[in-house]
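This report refers to the structure that appears directly beneath it.
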Amino acid sequence: MAAAATLTLTVGAAQAQDMMKIRIGTEGAYPPFNNLEADGTLTGFDIDIAKALCAEMNAECEFVTQDWDGIIPALLAGKFDAIIASMSITEERMEKVDFTDHYYTNSLTFAAAEDADLEGVDPASMAGKTVGVQEGTISAQFLEENYPNTNVNAYPTQLEAYADLKNGRSDAVLADFGVLYDWINSDDGQGYDFFGEPVSKDDKIGIAVRKGEQELKEKFNAALESIRANGTYAEINKKYFPFDIY
């Protein structure tokens, strides 16, 4: 019995040593996808998906929070091994990092006060208006490229963009549909709603890894396929949204 117990402990230790260790970078200020709670725990759709993928890969994962504007440089510097932080797959970013298959699909939408003095979301209607965005996001890039006569207030976090909208410093915000949906349906977002139709659709969100990390990328893709097939993804999706965001 003693020998059997020793063997069990030895096998358990060997299995623990064989577990792949992955450090995952995330922002922690982008609810409901990733958010750092007051007690220091990370919550959100991104976090739950990351944990599910790590379980599927039999990997030991550690989360590292990082400001959004420095998240790709931190990945390249080796601070973590992958970014799971609702990052859009863009040509510009693909010059610096590799992406997995997408794990959800996004659209860009305006939100404003329900009684806002706005006529439309086309560039002509938004001329002279002030729109808040999170800096370094595709929302900020979209405004820069398509709304030359709109004033843009860029903030380090999405939460700060909401605050200035409520303070009257912005007429509207432009952001991902999912984060706006969560905010509008929260106590903090009461009196605010989507404005107009989405201005950009079919934005694919993926996991970023350093260029050349093909094995890690393939492991993430295989795990993503598995959680899509076994129902884990659907359960996580249902926890946050009453519609399929894949």
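Just tell me, in residue order, which DSSP H segments of the chain are both 15 angstrom or longer along the helix axis (alpha-carbon based) and at least 0.5 in mean Kyte-Doolittle hydropathy.
Counting only whole DSSP H runs, the qualifying helices are 2-18, 45-56.
Students sometimes get this wrong: rank 46, 122 by accessible area, probe 1.4 Å, all chains present, largest first. Present the calculation step by step, with values, prior to reporting the outcome.
Numbers: 46 0, 122 70 Å².
Largest accessible area first, the residues go 122, 46.
Kindly report, to the nearest 10 Å², the accessible surface of residue 115 as traced by a 1.4 Å probe over protein heavy atoms only.
130 Å²
Looking at the chain only, what percent of DSSP beta bridges run antiparallel? Nearest 5 please.
Details: 23 of 39 bridges.
For the chain, the DSSP antiparallel bridge percentage is about 60.
Mean separation of Cα pairs under 8 Å and 6+ residues apart, divided by the residue count of the chain: what relative contact order is that in percent? The partial results should precede the final answer.
On the way: 425 pairs, mean separation 64.3, N = 246.
Relative contact order, the chain: 26 percent.
In the Gaussian network model of the chain, springs joining C-alpha atoms below 10 Å, which of 130, 26, 109 carries the largest mean-square fluctuation?
Its mean-square fluctuation being the largest, the pick is 130.
Taking the radius of gyration and the Kirkwood hydrodynamic radius from Cα positions alone, what is the Rg/Rh ratio for region 177-217, to two decimal places?
Values: Rg = 16.6 Å, Rh = 13.4 Å.
My calculation puts Rg/Rh at 1.24.
Dipole of the chain, Cα-centred, from +1 at each Lys and Arg C-beta and -1 at each Asp and Glu C-beta, to the nearest 20 debye?
Numbers: 18 positive and 42 negative charges, 178 e Å.
Using only the charged Cβ atoms, the result is roughly 860 debye.
Report the full-extension gain for the segment residue 164 to residue 201: residue separation times 0.36 nm, less the Cα-Cα distance, to one decimal in nm.
Details: separation 37, 0.36 × 37 = 13.32 nm, distance 2.56 nm.
In short, 10.8 nm is gained.
Between region 193-239 and region 69-115, what is the separation of their alpha carbon centroids in Å?
Between the Cα centres of region 193-239 and region 69-115 lies a distance of 11 Å.
So with the 1.4 Å probe, I'd like the accessible area per residue for region 125-186, rounded to whole Å².
Details: 2520 Å² over 62 residues.
Here the per-residue accessible area is 41 Å².
Once you put a point 7 Å from the Cα of residue 67 and another 7 Å from the Cα of residue 211, both along the Cβ direction, what distance in nm separates them?
2.6 nm
At 20 °C and 1.002 mPa s, grab the translational diffusion coefficient of the chain from Stokes-Einstein with a Kirkwood Rh over Cα pairs, rounded to a whole number in µm² per second.
Values: Rh = 19.4 Å.
The Stokes-Einstein estimate is 110 µm²/s.
For a quick check, take a GNM of the chain with Cα springs below 10 Å and name the residue from 170, 88, 200 with the largest mean-square fluctuation.
For the chain, modelled as a Gaussian network with Cα springs under 10 Å, the answer is 200.
Let me have the relative contact order for region 101-246, percent, based on Cα pairs under 8 Å that are six or more residues apart. Mind showing how you got there, number by number?
Values: 214 pairs, mean separation 51.9, N = 146.
Rounded, it is 36 percent for region 101-246.
Which order, highest average first, do 57-64, 201-208 follow once you tally other Cβ atoms within 10 Å for each residue and take the mean per peptide? Show your work: numbers first, answer last.
Values: 57-64: 16.1, 201-208: 19.5.
So the order, starting with the most tightly packed, is 201-208, 57-64.
The values are calculated or read from the model by the stated rules, or taken from the named source; none is laboratory data. Nothing here was measured: the structure is a model prediction, and the numbers come from that model. Heads up, the Cβs are rebuilt from the backbone with ideal geometry, glycines too, and the neighbour counts pull from every protein chain shown. These accessible areas exclude ligands, DNA and RNA; they are computed on the full protein's heavy atoms, side chains included. Shrake-Rupley method; radii C 1.70, N 1.55, O 1.52, S 1.80 Å.
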